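**Q** Sharing a structure below in structure tokens format, with a few things to ask.
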Amino acid sequence: MTLIFYIKQASYIICLLALSHYADIVLSLEAIHKNISLRCITDNLTHICLGIISWLIVCSYDSSSTTHVYQSLLCGLFAGLVDLDHFLMAKSLKFKDAISLSSRPPFHNTTFVAMFAISLILVMHFKGNELFENIGWYILVAAISHHLRDAQRRGLWLWPWRTRPLNYTNYLILTYLFPLAIGSLLKVLNKNTLKGKKQDVLFV
């Protein structure tokens, strides 16, 4: 590993620490906490930012490229979209209804989402559909980053089991190590040699 690699890792760890710390501070502000809409929007923006950082960690094994930015934004978008299941399950577009569900919505089932993403990756790989194979990687990284943050309150939903809530330290460690492991796997598979064009953003 080069010095640049370790500098990248240090910067991403700092970003994760800062984002998690200050997001929690903002969410605890009385004006945010009492306003359901602001609380939900702030929480979702935090998930989006974590998804962006997570994909940058995935890409950290490769030379920096502007394509990393576009890919990371896409991963962040997927991380934010996970919360759509609240509205789908509530059958309402109101934030109050979306956060008042009697049970956790399906996209927050880590087993289900991970199996879906892995199945998509494998099926599309053998079919030679690189576009949808790569989307599977984005979904996997984005969803796990989302689930890990939520797990601080309610644990991971590893159907048919549920874990205890993660403490803050374990949450940070797993949030960093998971995308790092995915990046290492993609490196071994020789799939993270990124292209440099904007139109190649969906390709790992």
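**Q** In whole angstrom, note down how far apart the Cα centers of segment 25-54 and segment 110-174 are.
**A** 21
**Q** Solvent-accessible area of I25, probe 1.4 Å, all protein chains present, reported in Å² to the nearest ten, please.
**A** About 70 Å², rounded to the nearest 10.
**Q** What order, most packed first, do the peptides 95-108, 73-86 have when packing is the mean number of other Cβ atoms within 10 Å of each residue?
**A** Most protected by this proxy first, the peptides run 73-86, 95-108.
**Q** To continue, here is another question. At a Förster distance of 25 Å, what's the computed FRET efficiency of S92 paired with L131, Cβ-Cβ distance as r, to 0.05?
**A** That gives a FRET efficiency of 0.15.
**Q** Please tell me which of these pairs span more than 30 angstrom C-alpha to C-alpha: K8/K191; K34/K91; K8/K94?
**A** Over 30 Å apart, Cα to Cα: K8/K94.
**Q** Under the rule of at least 5 residues apart or a separate chain, name every residue whose amide H is placed under 5 Å from the amide H of I99.
**A** Hits under the 5 Å cutoff: none.
**Q** In Å³ and rounded to a whole number, note down the convex hull volume per residue for the Cα atoms of segment 34-162.
**A** Per residue, the Cα convex hull of segment 34-162 comes to 127 Å³.
**Q** What is the angle, in °, between the Cα long axis of helix 66-81 and the longest principal axis of the Cα atoms in the chain? Nearest 10 is fine, range 0 to 90.
**A** 30
**Q** Continuing with the same structure: For a quick check, take a GNM of the chain with Cα springs below 10 Å and name the residue from L131, L56, L29 with the largest mean-square fluctuation.
**A** Among L131, L56, L29, the largest mean-square fluctuation in the Gaussian network model of the chain belongs to L29.
**Q** Compute the angle between helix 130-154 and the longest alpha-carbon principal axis of the chain, please, reported from 0 to 90 degrees and rounded to the nearest 10.
**A** The two axes meet at around 40 degrees.
The values are calculated or read from the model by the stated rules, or taken from the named source; none is laboratory data. Keep in mind it's a predicted model, so treat the numbers as computed, not measured. Glycine gets a Cβ as well: all are built from the backbone with ideal geometry, and neighbour counts include every protein chain shown. Heavy atoms of the whole protein, side chains included, go into the accessibility calculation; ligands, DNA and RNA do not. Shrake-Rupley method; radii C 1.70, N 1.55, O 1.52, S 1.80 Å.
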